[in-house]
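Below is one structure, written out as C-alpha coordinates, with a few remarks after it.
The values are calculated or read from the model by the stated rules, or taken from the named source; none is laboratory data. Quick caveat, the model's predicted, so the values are computed rather than measured. When we count neighbours, we look across all protein chains shown, and the Cβ atoms used for this are built from the backbone with ideal geometry, even at glycine.
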Amino acid sequence: MNAEPNPAAGAVRGAEPPILLITGVSGSGKTTIGSLLAGRLGWEYAEADTFHPAANIAKMSAGHPLTDEDRGPWLDNIGQWIDETTAKGRPGVVTSSALKRAYRDRLLKGRPQVRLIYLDAARETVARRLTARNGHFFPPELLDSQFGDLEPPADDEHPVRVKVDDHDSPLTVAEQLIHTEKLDAVEAAHDAEAAHSAPANKAEATHSTAAHDAQAKPADKEAGE
(Lines give C-alpha, C1' and ligand atoms only; values in the text may rest on other atoms or scores of the structure.)
Protein backbone atom coordinates (compact mmCIF):
# COMPACT_ATOMS: atom_id res chain seq x y z
CA MET A 1 0.00 0.00 0.00
CA ASN A 2 1.40 3.37 -1.01
CA ALA A 3 -0.26 6.49 0.35
CA GLU A 4 0.59 9.91 -1.01
CA PRO A 5 -0.06 12.15 2.00
CA ASN A 6 -1.94 15.41 1.85
CA PRO A 7 0.44 18.32 2.66
CA ALA A 8 -2.25 19.66 5.00
CA ALA A 9 -2.28 16.47 7.09
CA GLY A 10 -2.35 17.13 10.78
CA ALA A 11 -3.37 20.73 10.40
CA VAL A 12 -6.44 21.89 12.26
CA ARG A 13 -8.71 23.36 9.63
CA GLY A 14 -10.51 26.12 11.46
CA ALA A 15 -12.63 25.06 14.40
CA GLU A 16 -14.25 22.14 12.60
CA PRO A 17 -13.22 18.51 13.16
CA PRO A 18 -12.19 16.56 10.07
CA ILE A 19 -14.45 14.42 7.92
CA LEU A 20 -12.77 11.74 5.80
CA LEU A 21 -14.46 11.12 2.44
CA ILE A 22 -13.36 7.64 1.31
CA THR A 23 -13.75 7.34 -2.47
CA GLY A 24 -13.06 4.83 -5.23
CA VAL A 25 -14.82 2.37 -7.48
CA SER A 26 -16.91 -0.48 -6.13
CA GLY A 27 -14.57 -3.19 -4.88
CA SER A 28 -11.76 -0.81 -3.88
CA GLY A 29 -12.43 -1.38 -0.18
CA LYS A 30 -14.27 1.78 0.84
CA THR A 31 -16.58 0.23 3.42
CA THR A 32 -14.02 -2.05 5.03
CA ILE A 33 -11.29 0.59 5.27
CA GLY A 34 -13.71 3.35 6.19
CA SER A 35 -15.30 1.39 9.02
CA LEU A 36 -11.88 0.34 10.30
CA LEU A 37 -10.72 3.96 10.37
CA ALA A 38 -13.85 5.06 12.21
CA GLY A 39 -13.57 2.20 14.67
CA ARG A 40 -9.89 2.78 15.42
CA LEU A 41 -10.41 6.52 15.88
CA GLY A 42 -13.80 6.46 17.57
CA TRP A 43 -15.26 8.72 14.88
CA GLU A 44 -18.75 8.81 13.42
CA TYR A 45 -19.24 6.54 10.40
CA ALA A 46 -21.66 6.36 7.49
CA GLU A 47 -21.73 4.03 4.49
CA ALA A 48 -22.61 5.28 1.03
CA ASP A 49 -25.23 2.61 0.35
CA THR A 50 -27.44 3.86 3.17
CA PHE A 51 -27.95 7.19 1.39
CA HIS A 52 -29.33 5.72 -1.84
CA PRO A 53 -33.06 5.98 -2.56
CA ALA A 54 -34.69 2.58 -3.01
CA ALA A 55 -35.08 3.25 -6.73
CA ASN A 56 -31.31 3.54 -7.14
CA ILE A 57 -30.66 0.23 -5.38
CA ALA A 58 -33.29 -1.50 -7.49
CA LYS A 59 -31.74 -0.05 -10.64
CA MET A 60 -28.25 -1.27 -9.75
CA SER A 61 -29.61 -4.67 -8.73
CA ALA A 62 -31.10 -4.99 -12.19
CA GLY A 63 -27.69 -4.29 -13.72
CA HIS A 64 -28.41 -0.74 -14.87
CA PRO A 65 -25.83 1.98 -14.19
CA LEU A 66 -26.97 5.12 -12.41
CA THR A 67 -27.20 8.43 -14.23
CA ASP A 68 -26.05 11.81 -12.96
CA GLU A 69 -29.68 12.59 -12.23
CA ASP A 70 -30.01 9.38 -10.17
CA ARG A 71 -26.97 10.28 -8.10
CA GLY A 72 -28.10 13.82 -7.29
CA PRO A 73 -30.30 13.02 -4.25
CA TRP A 74 -27.72 10.49 -3.06
CA LEU A 75 -24.94 13.08 -3.07
CA ASP A 76 -27.18 15.59 -1.31
CA ASN A 77 -27.94 13.04 1.41
CA ILE A 78 -24.23 12.44 1.97
CA GLY A 79 -23.62 16.17 2.12
CA GLN A 80 -26.38 16.53 4.69
CA TRP A 81 -24.76 13.84 6.85
CA ILE A 82 -21.44 15.68 6.67
CA ASP A 83 -23.08 18.94 7.72
CA GLU A 84 -24.99 17.31 10.58
CA THR A 85 -21.89 15.52 11.86
CA THR A 86 -19.88 18.74 11.74
CA ALA A 87 -22.68 20.62 13.52
CA LYS A 88 -22.42 18.09 16.36
CA GLY A 89 -18.71 18.88 16.65
CA ARG A 90 -17.73 15.33 15.71
CA PRO A 91 -15.07 14.04 13.31
CA GLY A 92 -16.35 11.40 10.91
CA VAL A 93 -15.74 8.99 8.06
CA VAL A 94 -18.12 8.56 5.13
CA THR A 95 -17.79 6.50 1.96
CA SER A 96 -18.82 7.44 -1.55
CA SER A 97 -17.65 6.30 -4.96
CA ALA A 98 -17.65 9.99 -6.06
CA LEU A 99 -16.42 8.80 -9.44
CA LYS A 100 -16.65 12.13 -11.24
CA ARG A 101 -15.08 15.49 -10.46
CA ALA A 102 -18.53 17.08 -10.42
CA TYR A 103 -19.67 14.67 -7.69
CA ARG A 104 -16.65 15.43 -5.53
CA ASP A 105 -17.05 19.16 -6.07
CA ARG A 106 -20.64 18.85 -4.90
CA LEU A 107 -19.50 17.19 -1.68
CA LEU A 108 -16.42 19.30 -1.02
CA LYS A 109 -17.64 22.80 -1.91
CA GLY A 110 -17.99 24.93 1.19
CA ARG A 111 -16.74 22.09 3.40
CA PRO A 112 -13.02 22.71 4.06
CA GLN A 113 -13.06 20.15 6.87
CA VAL A 114 -13.55 17.29 4.39
CA ARG A 115 -10.43 15.34 3.40
CA LEU A 116 -10.57 13.42 0.14
CA ILE A 117 -9.16 9.88 0.35
CA TYR A 118 -8.97 8.09 -3.02
CA LEU A 119 -8.55 4.30 -3.02
CA ASP A 120 -6.75 3.57 -6.28
CA ALA A 121 -7.40 -0.08 -7.15
CA ALA A 122 -6.37 -1.74 -10.41
CA ARG A 123 -9.14 -3.02 -12.65
CA GLU A 124 -7.92 -6.61 -12.26
CA THR A 125 -8.07 -6.36 -8.45
CA VAL A 126 -11.61 -4.97 -8.54
CA ALA A 127 -12.74 -7.60 -11.05
CA ARG A 128 -11.52 -10.41 -8.77
CA ARG A 129 -13.29 -8.93 -5.76
CA LEU A 130 -16.59 -8.34 -7.52
CA THR A 131 -16.58 -11.83 -9.02
CA ALA A 132 -16.00 -13.36 -5.57
CA ARG A 133 -18.86 -11.51 -3.89
CA ASN A 134 -22.05 -13.13 -2.69
CA GLY A 135 -25.21 -11.29 -1.73
CA HIS A 136 -24.07 -7.84 -2.83
CA PHE A 137 -26.40 -5.82 -5.00
CA PHE A 138 -23.65 -4.48 -7.31
CA PRO A 139 -23.23 -6.96 -10.21
CA PRO A 140 -19.74 -7.46 -11.65
CA GLU A 141 -21.20 -6.56 -15.07
CA LEU A 142 -21.26 -2.92 -13.95
CA LEU A 143 -17.47 -2.88 -13.71
CA ASP A 144 -17.18 -1.31 -17.16
CA SER A 145 -19.53 1.53 -16.23
CA GLN A 146 -17.60 2.24 -13.02
CA PHE A 147 -14.26 2.59 -14.76
CA GLY A 148 -15.91 4.36 -17.68
CA ASP A 149 -17.26 7.06 -15.35
CA LEU A 150 -14.13 7.24 -13.18
CA GLU A 151 -12.32 10.57 -13.17
CA PRO A 152 -9.41 10.09 -10.76
CA PRO A 153 -8.91 13.09 -8.46
CA ALA A 154 -6.63 15.80 -9.81
CA ASP A 155 -3.85 17.44 -7.83
CA ASP A 156 -5.90 20.60 -7.29
CA GLU A 157 -8.45 18.53 -5.34
CA HIS A 158 -5.68 17.77 -2.81
CA PRO A 159 -6.48 14.05 -2.58
CA VAL A 160 -4.73 11.45 -0.49
CA ARG A 161 -4.09 8.72 -3.06
CA VAL A 162 -3.88 5.21 -1.68
CA LYS A 163 -2.75 2.34 -3.90
CA VAL A 164 -4.68 -0.74 -2.81
CA ASP A 165 -4.23 -4.35 -3.87
CA ASP A 166 -4.70 -7.83 -2.43
CA HIS A 167 -1.28 -7.84 -0.75
CA ASP A 168 -2.10 -5.34 2.01
CA SER A 169 -4.84 -6.09 4.51
CA PRO A 170 -7.54 -3.45 5.06
CA LEU A 171 -6.22 -3.00 8.61
CA THR A 172 -2.75 -2.24 7.25
CA VAL A 173 -4.19 0.36 4.89
CA ALA A 174 -6.23 1.96 7.69
CA GLU A 175 -3.27 2.08 10.08
CA GLN A 176 -1.00 3.64 7.47
CA LEU A 177 -3.63 6.25 6.67
CA ILE A 178 -3.90 7.12 10.35
CA HIS A 179 -0.12 7.52 10.42
CA THR A 180 0.40 9.45 7.18
CA GLU A 181 -2.56 11.77 7.78
CA LYS A 182 -1.66 12.28 11.45
CA LEU A 183 -5.26 11.48 12.38
CA ASP A 184 -4.36 10.68 15.98
CA ALA A 185 -2.97 14.19 16.40
CA VAL A 186 -6.03 15.77 14.82
CA GLU A 187 -8.33 13.77 17.06
CA ALA A 188 -6.26 14.65 20.10
CA ALA A 189 -6.47 18.33 19.23
CA HIS A 190 -10.21 18.04 18.76
CA ASP A 191 -10.62 16.25 22.09
CA ALA A 192 -8.56 18.88 23.90
CA GLU A 193 -10.68 21.66 22.46
CA ALA A 194 -13.88 19.78 23.26
CA ALA A 195 -12.77 19.17 26.83
CA HIS A 196 -12.14 22.88 27.29
CA SER A 197 -15.56 23.92 26.03
CA ALA A 198 -17.69 20.88 26.89
CA PRO A 199 -20.73 21.26 29.17
CA ALA A 200 -20.71 19.62 32.56
CA ASN A 201 -23.26 17.06 31.43
CA LYS A 202 -21.00 14.37 29.98
CA ALA A 203 -23.97 12.44 28.69
CA GLU A 204 -23.92 14.82 25.74
CA ALA A 205 -20.47 13.51 24.83
CA THR A 206 -21.69 9.95 24.21
CA HIS A 207 -21.28 9.04 20.54
CA SER A 208 -21.73 5.95 18.43
CA THR A 209 -18.70 4.43 16.70
CA ALA A 210 -18.12 1.85 14.01
CA ALA A 211 -15.85 -0.35 16.11
CA HIS A 212 -18.24 -3.32 16.09
CA ASP A 213 -18.98 -2.98 12.38
CA ALA A 214 -15.28 -2.72 11.58
CA GLN A 215 -14.67 -6.13 13.10
CA ALA A 216 -17.84 -7.75 11.74
CA LYS A 217 -17.83 -6.52 8.14
CA PRO A 218 -15.82 -8.69 5.72
CA ALA A 219 -13.72 -7.12 2.97
CA ASP A 220 -16.01 -8.25 0.15
CA LYS A 221 -19.08 -6.45 1.50
CA GLU A 222 -17.82 -3.07 0.41
CA ALA A 223 -20.29 -0.42 -0.74
CA GLY A 224 -21.47 -0.38 -4.33
CA GLU A 225 -21.36 3.39 -4.46
Where residues in region 1-37 are of a type in the set (A, V, I, L, M, F, W, C) and modelled with pLDDT under 95, which of them is surrounded by the most Cβ atoms within 10 Å (Cβ to Cβ)?
Val25
Looking at region 87-103, I want the residues that are under 18 Å from Gly39 (Cα atoms) and have a partner that is assigned to a loop (DSSP other than H, G, I, E, B) and of a type in the set (Phe, Trp, Tyr) with Cβ atoms under 8 Å, at least 6 apart or on another chain. Which pairs are those?
Arg90/Trp43; Pro91/Trp43; Gly92/Trp43; Val93/Trp43
Pick from region 119-138, criterion among the charged types (D, E, K, R) and at pLDDT 85 or above, ranking: surrounded by the most Cβ atoms within 10 Å (Cβ to Cβ):
Asp120
Any residue at all in region 90-97 that's surrounded by fewer than 21 Cβ atoms within 10 Å (Cβ to Cβ) and out of contact with any helix residue (DSSP H, G or I) (no Cβ under 6 Å at 6 or more places or on another chain)?
yes
Among the residues of region 57-96, write down those that are charged (D, E, K, R) and in a helix (DSSP H, G or I).
Lys59, Asp68, Glu69, Asp70, Arg71, Asp76, Asp83, Glu84
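Quick grid of which residues meet (1) in contact with a Lys or Arg (Cβ under 6 Å, 6 or more places away or on another chain); (2) among the β-branched types (Val, Ile, Thr); (3) at pLDDT below 80:
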site: Leu142; (1), (2), (3): no, no, yes
site: Gly148; (1), (2), (3): no, no, no
site: Glu151; (1), (2), (3): yes, no, no
site: Asp155; (1), (2), (3): no, no, no
site: Val160; (1), (2), (3): no, yes, no
site: Asp165; (1), (2), (3): no, no, no
site: Leu171; (1), (2), (3): no, no, no
site: Ile178; (1), (2), (3): no, yes, no
site: Ala189; (1), (2), (3): no, no, yes
From the list Glu222, Glu204, exactly one residue is at pLDDT below 50 and in contact with a Lys or Arg (Cβ under 7 Å, 6 or more places away or on another chain). Which is it?
Glu222
Leading residue by the ranking (farthest from Gly24 (Cα to Cα)) among those in region 97-136 that are among the hydroxyl-bearing types (Ser, Thr, Tyr) and either part of a helix (DSSP H, G or I) or out of contact with any Lys or Arg (no Cβ under 8 Å at 6 or more places or on another chain) (or both):
Thr131
Sort out which residues of region 44-63 are of a type in the set (Gly, Ala, Ser) and modelled with pLDDT of 95 or more, and write them in order of number.
Ala46
Mind checking which residues of region 36-55 are closer than 24 Å to Gly92 by Cβ and without any contact (Cβ under 8 Å) to a residue 24 or more places away in the chain?
Thr50, Pro53
Among (1) modelled with pLDDT of 95 or more; (2) closer than 28 Å to Arg128 by Cα; (3) hydrophobic (A, V, I, L, M, F, W, C); (4) loosely packed, with under 14 Cβ neighbours inside 10 Å, Ala87 falls short only on (2)
